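Everything on this sheet refers to the single structure shown next.
The values are calculated or read from the model by the stated rules, or taken from the named source; none is laboratory data. Everything numeric here is computed off the predicted structure, so don't read it as measured data. All Cβ positions, even for glycine, are placed from backbone atoms using ideal geometry, and neighbour counts span all protein chains on display.
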Amino acid sequence: MNHTVAALGLLLASLWLSGTRGDAADWPQWRGPSRDGHAATGSVPTTLAAEPKVIWRMDIGGGFSSPVVEQGKLVYLDARDGREVVHLVEAATGKEIWAVPFANMYQDEWGQGPRSTPIIDGDRVYAQSCNGEFRCLNLAEGKVRWGVGFESDYGVKFLGSKANEGTASRRGNNGSGVIDGDRLFVPVGQAQGATLVCFNKLTGKEIWRVGNEEASYSSPVVATLAGIKQVVYFGADALMGATYDTGKLLWRQPLRTNAKRHAMTPIIREDTVTVNSHTFGTICFNIAPAGETQTVTQVWANRDMKINLATPVLRDHYLFTHGEINSRNFVCLDALTGKTLWKQPGMGETVSSAIAVGEKLLVLSDRGELFLLAADPARYTELGRAQICGTTWSSPAYVNGRLYVREGTLSGWKLTCFDLLEARP
């Protein structure tokens, strides 16, 4: 590469990012900038202080939605006074810029408030409530640009009940839509042709719809498999891929499980898709061309790796994740074979959230303990740990050395910004 061009590129990148550290990057959606659990390299902690520095901490309302950050602004959702609310704050200080209620609150025995992670895209923010109200708002002042209701516009009856537990209509719409180009893909969950709906992100106009099953708690991803750009979604009864342009169903793999509780986000590696469940374990499928459609073939299955809620992080061809249901294991799997390479106990009761940062992993357990690990497939290698918060069931956001963590249960919720790069004794 020409050194002058490379230097100019780095300079422009640093100016565009305009952060206090030149290698900053954002976390604007579920699972980060590329929707794969990977943060930008550069701002990599080498160790963890016993008590990481708190930049700010605030009391917030209920909910298990994750925070998102872009260009110095942070968006989070919570429950206040019987409503689900979108908040915009300054990422550096926690100072609130605006708050907009947008739907009635949902609550069950696990807690109250929204569970879907919002999206920041340019001058807009997208938010989804538990009961299926979806809104696009101006980022500057919170004014609603457009919205749809899964029940009012698509006939998806929100039951809000534990009866027949499992699908989004009973435990809340947890899955987060994905934006690619001018398109927004949302798991609506109408079982008569609109499992997944593609909208114009600016106007809310429907472009296409596909699928005949309910929505799960999973989130869709955009990927190119066997040469075709498509949207991959893990619905209540099946894993499927639909063409990006028209929504034509390319392939469908039935995967029916107890309570239809599919929560993980599909993992893409080359032409394969890996998913996991508390019922069938962890399975990898290969997608291959077949005329105008595609075929699905199982590559491997690790039936013992019954992961309940966590989505693995893929690094090289290794998967790192919270392990089997009801275990406290953190595990590493070979993504080529499904073989379990190692297990480490004591990493959380039900779920841990993992973020890949360069050659390291930040792992936050549901007990609020943060681990810094080497992303080492040969062995568990711990580089540091710190107790940073109480109970948390939300994935954190990592931006430029700062970790934004939501914690809380029915007794109260907090949102905290930690600086992981400033060394403290």
Exercise. Which one of the conditions (1) more than 20 Å from the chain's Cα centre (by Cα); (2) among the β-branched types (Val, Ile, Thr); (3) crowded, with 24+ Cβ neighbours inside 10 Å does residue 54 fail to meet, given that it meets all the rest?
Worked result: (3)
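Per-residue answers, yes or no, for (1) within 18 Å of residue 359 (Cβ to Cβ); (2) under 23 Å from the mean Cα position of the chain (by Cα); (3) surrounded by fewer than 17 Cβ atoms within 10 Å (Cβ to Cβ); (4) among the small types (Gly, Ala, Ser):
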residue	(1), (2), (3), (4)
375	yes, yes, no, yes
378	yes, no, yes, yes
384	yes, no, no, yes
390	no, yes, yes, yes
398	yes, yes, no, no
404	no, yes, no, no
407	no, yes, no, no
411	no, no, yes, yes
For this session: Please find, within segment 153-170, the residue that is modelled with the highest pLDDT out of those that are surrounded by fewer than 23 Cβ atoms within 10 Å (Cβ to Cβ) and under 16 Å from residue 262 (Cβ atoms).
Result: 170
Exercise. Which residues, counting only those in segment 338-354, are assigned to a loop (DSSP other than H, G, I, E, B) and either within 19 Å of residue 277 (Cβ to Cβ) or touching a Cys at 6+ places or on another chain (Cβ under 7 Å) (or both)?
Worked result: 338, 339, 348, 349, 350, 351
Exercise. Taking the stated definitions as given, is residue 304 outside the structural domain of residue 206 (by TED's automatic domain parsing), in contact (Cβ under 8 Å) with a residue 24 or more places away in the chain, out of contact with any strand residue (DSSP E or B) (no Cβ under 7 Å at 6 or more places or on another chain) and acidic (Asp, Glu)?
Worked result: no
Exercise. Among the residues of segment 196-208, is any of a type in the set (A, V, I, L, M, F, W, C) and touching a Phe, Trp or Tyr at 6+ places or on another chain (Cβ under 6 Å)?
Worked result: yes
Exercise. Any residue in segment 218-228 that is on the phi > 0 side of the Ramachandran plot and touching a strand residue (DSSP E or B) at 6+ places or on another chain (Cβ under 6 Å)?
Worked result: yes
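Residues checked against (1) surrounded by fewer than 21 Cβ atoms within 10 Å (Cβ to Cβ); (2) assigned by TED's automatic domain parsing to the domain that holds residue 338; (3) closer than 25 Å to residue 115 by Cβ; (4) in contact with a Leu (Cβ under 8 Å, 6 or more places away or on another chain):
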| residue | (1), (2), (3), (4) |
| --- | --- |
| 226 | yes, no, no, no |
| 232 | no, no, yes, yes |
| 239 | no, no, yes, yes |
| 286 | yes, yes, no, no |
For this session: Test residue 415 against the criterion of being on the phi < 0 side of the Ramachandran plot, crowded, with 22+ Cβ neighbours inside 10 Å and either at pLDDT 95 or above or assigned to a strand (DSSP E or B) (or both), and give yes or no.
Result: yes
Exercise. Between a first residue in segment 207-231 that is free of Cβ contacts under 8 Å to residues at least 40 places away in the same chain and of a type in the set (Lys, Arg) and a second residue that is in a strand (DSSP E or B) and buried (at least 19 other Cβ atoms within 10 Å of the Cβ), which pairs have beta carbons less than 6 Å apart while being 6 or more apart in sequence or on different chains?
Worked result: 209/194; 209/197
Problem set entry | Per-region count, segment 291-314, residues surrounded by 14 or more Cβ atoms within 10 Å (Cβ to Cβ) and not in a strand (DSSP E or B) | 8
Seminar exercise, completed: segment 217-281: strands (runs of 3 or more DSSP E) wholly inside it with 3 or more residues that are farther than 20 Å from residue 128 by Cβ and out of contact with any Gly (no Cβ under 6 Å at 6 or more places or on another chain) are 221-225, 238-243, 249-254, 267-269, 272-277
Exercise. Looking at segment 200-224, which of its residues are surrounded by fewer than 24 Cβ atoms within 10 Å (Cβ to Cβ), closer than 11 Å to residue 189 by Cα and of a type in the set (A, V, I, L, M, F, W, C)?
Worked result: 210
Seminar exercise, completed: Considering only strands (runs of 3 or more DSSP E) wholly within segment 77-131, the ones with at least 1 residues that are at pLDDT 95 or above and among the polar types (S, T, N, Q) are 96-104, 124-128
Exercise. So is residue 137 surrounded by 16 or more Cβ atoms within 10 Å (Cβ to Cβ), within 19 Å of the chain's Cα centre (by Cα) and either without any contact (Cβ under 8 Å) to a residue 60 or more places away in the chain or not in a strand (DSSP E or B) (or both) or not?
Worked result: no
